[in-house]
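The block underneath contains the structure these notes are about, expressed in structure tokens.
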Amino acid sequence: MAGATYMPIPLELQDGKWRFDSEKLRHALSPKTRILILNNAHNPTGKLFTIEELEMITAILKDFPRVIVLSDDVYEYLTFDGKTSTLFASIGDNFERTISTFSGGKLFSATGWKVGWAVGPADIINVASVVSTTTIYCVNAPAQIAMARCLGPTIEQTEYKDGRSYLESTRHDF
């Protein structure tokens, strides 16, 4: 509806690993580009972008100062093999151009709840909240309150099941 053109930059499977080609990103961007959607950990491949890859993206975006990054970080805590996710917004001054989105529904295996949150600089979040409140009508207040109350104890809890925290237990179950 906004007249945008979608320019996907697919990952490539090489030697059994999903690889990101930074040159394909550079060629897909132009002075007209306004948003980059970054999915990390990537769904459905499970690829975690390395700090080096995130730094490459950061360097490329320096040539495109009007680009805002929508960083889909809904699987931040659900990584495997002892790996951790690095938020794009945590690299350099990326926070100033990034909306990071998270999902309580994914975190608590309750995807039907559709409860999430976004973090970013006030000027971008304020505009995003106007769009959100005028287009999303499905989240009920009790689910929002329940999710907010669960976050602190879940992240900080030392034991949930079998000597594991909730996050460790969920990773193990997955």
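The values are calculated or read from the model by the stated rules, or taken from the named source; none is laboratory data. All figures in this text were calculated on a predicted structure; none of them were measured in a lab. Here the Cβ positions follow ideal geometry from the backbone for every residue, glycine too, while neighbour counts run over all protein chains shown.
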How about the range 152-174: which of its residues are in a helix (DSSP H, G or I) and either surrounded by 10 or more Cβ atoms within 10 Å (Cβ to Cβ) or in contact (Cβ under 8 Å) with a residue 12 or more places away in the chain (or both)? P153, T154, I155, Y166, L167, E168, S169, T170, R171, H172
Residue pairs, Cβ under 9 Å, 6 or more apart or interchain, first in the range 7-25 and under 18 Å from L54 (Cβ atoms), second polar (S, T, N, Q). List them. L11/T45; W18/T45; F20/T50
Which condition does T98 not pass, out of (1) surrounded by 14 or more Cβ atoms within 10 Å (Cβ to Cβ); (2) over 14 Å from the mean Cα position of the chain (by Cα), if it passes all the others? (2)
When restricted to L61, L87, L107, L78, the only residue under 16 Å from the mean Cα position of the chain (by Cα) and crowded, with 19+ Cβ neighbours inside 10 Å is L107
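Look through F64, F80, F20, F49 and report the one residue that is touching a Pro at 6+ places or on another chain (Cβ under 8 Å) and on the phi < 0 side of the Ramachandran plot.
On the way: F80 fails: touching a Pro at 6+ places or on another chain (Cβ under 8 Å); F20 fails: touching a Pro at 6+ places or on another chain (Cβ under 8 Å); F49 fails: touching a Pro at 6+ places or on another chain (Cβ under 8 Å).
Sole residue among the options that is touching a Pro at 6+ places or on another chain (Cβ under 8 Å) and on the phi < 0 side of the Ramachandran plot: F64.
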Using the structure shown, decide if T58 is among the β-branched types (V, I, T) and over 16 Å from L29 (Cβ atoms). no
Looking only at the range 121-167, which residues are of a type in the set (S, T, N, Q) and modelled with pLDDT under 80? S132, T133, T134, T135, N140, T154, Q157, T158
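Pick out the one residue from H27, H42 that is of a type outside the set (D, E) and either within 30 Å of S109 (Cβ to Cβ) or surrounded by 17 or more Cβ atoms within 10 Å (Cβ to Cβ) (or both). Give the steps one after another, and end with the answer.
On the way: H27 fails: either within 30 Å of S109 (Cβ to Cβ) or surrounded by 17 or more Cβ atoms within 10 Å (Cβ to Cβ) (or both).
Residue meeting the stated conditions: H42.
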With a cut-off of at least 1 residues that are closer than 24 Å to V74 by Cα and touching a Gly at 6+ places or on another chain (Cβ under 9 Å), name the strands (runs of 3 or more DSSP E) lying wholly within the range 1-53. 17-19
